[in-house]
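Every number here is computed from the coordinates shown, using simple stated rules; none is lab data. Just so it is clear, the structure is predicted and the values come from calculations on it, not from any experiment. Backbone-built Cβ (ideal geometry, glycine too); neighbour counts: all protein chains shown.
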Amino acid sequence: MLEVHDLTKRFGGLTAVDGASLEVPQGAIVALIGPNGAGKTTLFATIAGFHKPDGGRVLFRGEDITGLPPDRICARGMVRTFQNTQPFAKLSVLENIMVGAWLRTDDRHACQQRATEIARRVGLSDRLDDMASELTVAGCKRLELARALATEPRLLLLDEVMAGLNPTEIAGIVDVVRAIRAGGVTILLIEHVMQAVMSLAEDVFVLNDGRIIAHGPPAAIASDRGVMEAYLGRGAAERLLGDTAHA
Amino acid sequence: MSPDIIFAGVVNGLMAGGIYVLVATGLTLIYGVLHIINFAHGSLLMLAMYAVFFLFRPPLGLDPYLALPLVTAGAFLMGYVLYRGVIGRLSHGRDENILLITLGLSIVADNVALFLFTGDTQTIGVAYAGNYISLGPALVPLPKLISFGASMLICALLGLFMSQTDMGKAIRAVAKERQGARLVGIDVENIFAVSYGIGIACLGAAACLLMPFFYVSPSSGHVFVLIAFTTVVLGGMGSFGGALAGGLIIGVVESLAGLQFGEQLGQLGIPLVFILILLLRPTGLFGRQ
Amino acid sequence: MSRTALLACGGGLIAAALYPLLFGGSNYAVNLGFLVLFAAFLGQSWNIAGGFAGQMSFGHAVFFGTGAYASTILHVSHGWNPWLAWPVAIAAGAAVGAGIGTLSFRAGLRGSYFALVTLAFAEAFRILANSVPFTRGGLGMLIKSDPHPANLQFRDPIWFYYLALVLCVLSLALAWWLTRSRFGARLAAIRENEDAARALGINTFREKVRVLALSGALCAAGGTLYAQKYLYIDPSIAFGVDKSIEMLLVSMIGGAGTIFGPLIGAGVLHFVSEVTRELGGALPAIKNAQPLALIVYGVILVIIVGYLPDGSMGLFRRRRALPQGQGHA
């Protein structure tokens with residue numbers, strides 16, 4: 001579905017993404033994790049066309065989409081959400097979702113129906129007429145998801161849709177994400193909530209300092225020495241691994 | 001054009017540029033500290049020019065240069081009060097809103113002037129208006145030379161104020177990092193009001209220097225607002241050095257364009273420079289991309 | 001549209017159509033009606049870009065003047081019939097809108113910077129109109145009076161009233177369409193959050209250029225109508241800051257981004273004008289009353305932007321929105 005080869009993005013002297021490669025097979029849920037400042041969001045934004053890459057290639061469904069603008073990429077079926085949710089504050093929830101749905105239809109009735117249907121899938125049915133600015137953080141995350149879904153993507157890039165939510169809300173979103181995949185949408189997600197990563201993802205890429213430092217199934221990643229060092233620093237990782245070895 | 005005419009054009013442009021520097025310094029200070037685009041800048045200058053005009057007229061008969069401390073202090077006060085009373089309270093949210101608020105203020109100022117003073121253009125006849133000084137092949141009216149020198153002096157004093165005094169340092173701290181400044185105990189709202197006041201005080205001084213050789217009418221604000229914005233974007237929004245260079249460049253461009261293309265078409269220089277800078281290099285000539 | 005809304009619109013339209021007859025076709029009433037409708041039409045042209053799409057301009061006179069000069073030059077200097085020159089003027093307005101839009105949006109200008117660059121464009125056009133020979137410079141252009149419907153000139157001002165009414169209704173229909181169509185939804189998305197709009201597949205650059213062209217076309221149509229009614233234009237009338245500001249005020253005061261905002265704003269504006277004019281007549285001490293009206297508009301603008309960002313229409317909307325919100329709570 002998605003192949004990223006040696007993608008590089010520099011801002012002035014700072015290399016935010018440094019030759020990162022990853023692959024997302026069709027129908028999978030793949031997670032991208034890494035410590036704060038690792039460049040995850042920049043990698044996402046570069047894949048989705050918000051930044052022009054300084055090197056490397058992005059292949060989507062076998063076609064080279066490197067450097068295309070985000071709207072063209074979205075039209076081809078790849079859409080991203082924003083870590084800091086970006087609702088259209090003065091539009092209603094329904095109107096917000098309709099903006100996404102208009103991409104695939106120019107018939108108002110069909111658009112409205114599709115948006116209502118998606119609102120139901122993400123659990124926003126009872127808030128359709130509310131202004132987006134009236135939503136809670138959890139509501140905004142759902143809206144972000146709904147708008148993206150409304151563009152009928154084949155691949156969904158989710159940037160921390162669970163950050164800032166309580167455990168009940170996280171469980172709710174996890175179910176929604178599973179249902180989206182069951183509906184045939186491939187998913188690549190950035191996530192800090194490890195419990196969600198473990199339960200959702202089949203495959204995990206770890207980004208540190210703009211580089212992919214590990215890749216594998218969640219269980220293997222969780223006990224990877226390099227990953228622990230990246231998150232915790234060398235000493236702490238040694239102690240933790242040492243402890244588990246003795247136990 | 002002969003080199004002499006060009007030289008004279010450049011000298012005259014620089015003289016006019018001095019005033020632009022002063023006006024633009026106020027605008028750039030307000031932008032740099034408050035992140036407000038002060039669309040009322042031209043109109044407030046116009047009000048200050050009327051103040052100079054009425055101080056000069058009987059019964060007071062105050063010479064504009066002697067009026068400078070008074071008008072500058074008055075302008076500071078007006079700016080301070082305007083910020084405390086209106087701008088500071090209302091100018092939250094999107095930057096377009098702040099632009100609209102200052103637009104509203106300029107509409108009010110222009111029309112108050114039109115209502116009270118009618119649309120006639122007014123000048124003051126100072127005795128020394130006809131004196132000329134020759135600088136090489138260029139003849140420069142004495143008031144223009146004074147305005148140039150005084151503008152540069154005032155800008156230098158302002159620079160000293162900003163770098164040497166506690167208030168100046170506080171203003172620069174707020175401009176750089178307002179949250180941090182708040183955390184170390186600086187009264188940020190007060191700094192905002194003072195900065196706006198200083199920005200307007202620059203207009204008070206500029207009005208005193210302008211009036212001996214310029215006219216005022218309620219639409220004078222329109223004349224200066226685009227010049228001031230052009231100067232500021234040319235030098236880079238918020239940059240003092242940029243305002244200095246920008247003002248002098250604009251003065252020279254305006255003067256030479258007038259010589260080359262005539263009085264009418266020559267005016268095109270300023271909006272054209274403004275448009276080109278915004279389209280091609282929005283960070284200004286000296287800013288980083 | 002709900003039945004009541006439809007009825008209200010139909011009623012309003014009939015009232016507007018009968019209005020000149022109610023006052024026995026008095027020139028004062030007819031002219032006042034024309035001014036309101038005309039200001040509402042120009043305000044709507046601003047509102048389409050500034051309100052619906054959030055691309056606020058300080059220089060809409062550039063389109064007004066383009067329309068006025070395009071048709072007048074074709075008519076006066078090249079002998080075109082004004083009815084034929086009108087569509088060309090509209091196309092010229094669209095072209096200038098597309099041109100300014102392409103340059104400004106390609107350069108990434110947003111918000112205040114876009115507003116200021118449009119101001120500079122209008123000023124550049126004003127200076128050009130003052131300087132080039134084919135506009136006759138500062139002398140302005142006079143259209144020979146020859147009242148005949150075929151010349152787009154009318155002896156009875158009532159016809160200009162109805163012409164303005166038609167334009168105004170068309171512009172309202174266009175605004176209504178923007179609240180329901182895909183194009184309108186995209187504009188609203190761009191206004192609210194451009195990055196999110198791009199992420200959802202909207203070519204923001206293209207839509208912004210389109211809306212500025214549409215807005216420019218409408219405004220240019222007004223320019224031609226103005227020239228034909230008053231039979232004289234000059235650079236300050238056509239491209240002056242005052243025109244730009246009036247369009248912005250009408251739309252902001254009534255409620256930017258709403259269908260009826262400009263109409264309400266135009267009503268308020270001319271109501272205030274009339275009141276201050278009466279006041280000026282009653283009190284001999286007040287020599288020129290016109291600035292008083294503008295002072296009031298300036299104050300209203302400050303108050304609206306400061307306290308009612310949705311315009312005076314926001315008052316109604318906010319009140320209406322409350323029970324709905326409670327319904328879901």
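Before moving on, here are some points about what is shown:
- Gyration tensor (alpha-carbon) shape descriptor, region A:148-218, a/c threshold 1.5: oblate
- Within 10 Å of the Cβ of each residue in A:163-174, the mean number of Cβ atoms contributed by other protein chains is 0.
- The angle between the Cα long axis of helix B:188-210 and the longest principal axis of the Cα atoms of chain B comes to about 10 degrees, rounded to the nearest 10.
- Ranking A:5, A:91, B:202 by how far each Cα lies toward the positive end of the dipole of the protein assembly as shown (charges on Cβ) leaves A:91 at the top.
- Under 20 Å from a label point set 7 Å out along the Cα-to-Cβ vector of residue B:2, the amide N atoms of region B:100-141 belong to B:133-141.
- Think of the protein assembly as shown as a dipole: +1 on every Lys or Arg Cβ, -1 on every Asp or Glu Cβ, centred on the Cα centre; then among A:103, A:59, C:21, C:21 lies furthest on the positive end.
- Rounded if a/c under 1.5, otherwise prolate or oblate - region C:205-289, Cα gyration tensor axes: oblate
- Once the gyration tensor of the Cα atoms in region A:88-192 is diagonalised, the equivalent ellipsoid follows with semi-axes of 21, 17, 11 Å, ordered largest first.
- On the basis of the beta-carbon distance and an R0 of 22 Å, residue C:91 and residue B:264 show a calculated FRET efficiency of 0.20.
- Selection of GluC sites (Glu not before Pro), region A:130-203, meeting DSSP coil and at most 16 other Cβ within 10 Å: A:202
- Using a Gaussian network model of chain A in which every pair of alpha carbons under 10 angstrom is joined by a spring, one finds that among A:157, A:128, A:145 the greatest mean-square fluctuation is at A:128.
- Rh (Kirkwood; distinct C-alpha pairs) - the protein assembly as shown, Å: 30.1
- Inter-chain Cβ neighbour count for A:65-72, averaged per residue, equals 3 (cutoff 10 Å, partner chain atoms only).
- Charging the Cβ of each Asp and Glu at -1 and of each Lys and Arg at +1, and nothing else, the dipole of region B:100-199 about its Cα centre rounds to 320 debye.
- Here the label points at residue C:299 and residue A:192, each 7 Å from Cα along the C-beta direction, are separated by 5.0 nm in the simple model.
- Here the Karplus relation 6.51 cos²θ - 1.76 cosθ + 1.60, evaluated at θ = phi - 60°, turns the backbone of region B:66-77 into coupling constants of 6, 6, 3, x, 5, 5, 5, 5, x, 5, 4, 4 Hz, with x for every Gly and Pro.
- Chymotrypsin sites (Phe, Trp or Tyr not before Pro) restricted to DSSP loop in region C:1-96 with at most 14 other C-beta within 10 Å: C:23
- Prolate/oblate/rounded label for region C:3-314 (Cα gyration tensor, a/c 1.5): rounded
- Peptide-level mean, for A:82-92, of C-beta atoms on other protein chains within 10 Å: 4
- Residues A:199, B:151, C:251, B:219 arranged by fewest to most Cβ contacts within 10 Å: A:199, B:219, B:151, C:251
- Using the Cβ-Cβ distance between residue B:156 and residue C:275 with R0 set to 60 Å, the FRET efficiency works out to roughly 0.70.
- The residues packed around residue B:273, meaning those with a beta-carbon under 13 Å from its beta-carbon, carry a net charge of -1 if Lys and Arg are +1 and Asp and Glu are -1.
- With K and R counted +1 and D and E -1, the other residues having a Cβ less than 13 Å from that of residue A:199 yield a net charge of -1.
- Chain C: DSSP helices with Cα axial extent of at least 18 Å and average Kyte-Doolittle hydropathy no lower than 1.6: C:158-178, C:290-307
- DSSP-assigned coil residues among trypsin sites (Lys or Arg not before Pro) in region C:138-187, each with at most 16 further Cβ atoms within 10 Å: C:144, C:155, C:180
- Its Cα centre serving as origin, chain B has a Cβ charge dipole (Lys and Arg +1, Asp and Glu -1) of approximately 600 debye.
- Paramagnetic label zone (point 7 Å from Cα along Cα-to-C-beta, residue C:83; backbone N under 14 Å) in region C:137-178: C:148-154
- Förster radius 41 Å - calculated FRET efficiency between residue B:190 and residue A:134, Cβ distance, rounded to 0.05: 0.70
- Computed on chain C, with alpha-carbon pairs under 8 angstrom and 6+ residues apart, the relative contact order is 30 percent.
- Highest mean first, the peptides B:141-150, B:232-241, B:114-123 sorted by other C-beta atoms within 10 Å per residue fall in the order B:232-241, B:141-150, B:114-123.
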